[in-house]
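Heads up: the structure comes next, in structure tokens.
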Amino acid sequence: MMMTHIFTCILFVLMCRSSNAAFTATLPTGGAHYYALNGIIRYNVVLLADSDYNSGSGVFTPSKNGTYSVSVTMMSGTVAAHLTLRKNGVTYVWLYTGNEYDMATQNVNMDLKVGDQVWVQMTNAARSLFDVYNTFSAVLIP
């Protein structure tokens, strides 16, 4: 009887772990980071790993269908900056910061299917973000 309960608990934990897809990534330390106009931001310091986020390309490609909570936080340096959160190349939401280390955040729920692609893109000529204050996260909502 006790063994059955233990196996049931283990199975439940494994099912819960496999039902959530999540990642959080940030930019590295070192001051300003510069990007090409319309370039994809590559958050290459992965704080919470999930194989669905590719830190080399900056693209999140979910392997599970569902509604995801997606968050982008940005800080510009001494110039205004504009970012967009994109789903399959289409702008989902915009982020904007003014001058002097201003910050902006967008938190959205997105219905995603296996193979969709989500990324953050630089959309203005200033093209700089400042230090580790820039993050990109997603989690599957159970």
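The values are calculated or read from the model by the stated rules, or taken from the named source; none is laboratory data. All figures in this text were calculated on a predicted structure; none of them were measured in a lab. Please note: Cβ atoms are built from the backbone with ideal geometry, for glycine as well, and neighbour counts cover all protein chains shown.
The table below lists the values:
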read-out	value
Given (1) touching a strand residue (DSSP E or B) at 6+ places or on another chain (Cβ under 6 Å); (2) touching a residue at least 40 places away in the same chain (Cβ under 8 Å), number of the condition residue 113 does not satisfy	(1)
Meets criteria (in contact with a helix residue (DSSP H, G or I) (Cβ under 9 Å, 6 or more places away or on another chain), in contact (Cβ under 8 Å) with a residue 12 or more places away in the chain and of a type in the set (D, E, K, R)) for residue 87	no
Filter result for residue 74 (surrounded by 16 or more Cβ atoms within 10 Å (Cβ to Cβ) and either within 24 Å of residue 142 (Cβ to Cβ) or at pLDDT below 95 (or both))	yes
Whichever residue in the stretch 66-103 is part of a strand (DSSP E or B) and of a type in the set (Gly, Ala, Ser) and, among such residues, is farthest from residue 37 (Cα to Cα)	66
Residue within the stretch 91-108 that is of a type outside the set (D, E, K, R), without any contact (Cβ under 8 Å) to a residue 12 or more places away in the chain and out of contact with any Leu (no Cβ under 9 Å at 6 or more places or on another chain) present	no
Given (1) surrounded by 14 or more Cβ atoms within 10 Å (Cβ to Cβ); (2) touching a Leu at 6+ places or on another chain (Cβ under 8 Å); (3) among the β-branched types (Val, Ile, Thr), index of the condition residue 139 fails	(2)
Selection status of residue 70, under 13 Å from residue 116 (Cα atoms) and in contact (Cβ under 8 Å) with a residue 60 or more places away in the chain	no
Test for residue 104: is it more than 12 Å from residue 25 (Cα to Cα), surrounded by 13 or more Cβ atoms within 10 Å (Cβ to Cβ) and of a type in the set (A, V, I, L, M, F, W, C)	yes
Residue tally, condition in a loop (DSSP other than H, G, I, E, B) and of a type in the set (A, V, I, L, M), over the stretch 27-61	5
Selection from the stretch 35-88 of residues that are of a type in the set (Asp, Glu) and over 13 Å from the mean Cα position of the chain (by Cα)	none
Residue 7, sole failed condition from (1) out of contact with any Ser or Thr (no Cβ under 9 Å at 6 or more places or on another chain); (2) surrounded by fewer than 16 Cβ atoms within 10 Å (Cβ to Cβ); (3) at pLDDT 95 or above	(3)
Complete set of residues in the stretch 108-124 that are among the polar types (S, T, N, Q) and surrounded by 12 or more Cβ atoms within 10 Å (Cβ to Cβ)	117, 121, 123, 124
Residue within the stretch 104-117 that is of a type outside the set (Lys, Arg), more than 14 Å from the chain's Cα centre (by Cα), under 16 Å from residue 69 (Cβ atoms) and assigned to a strand (DSSP E or B) present	yes
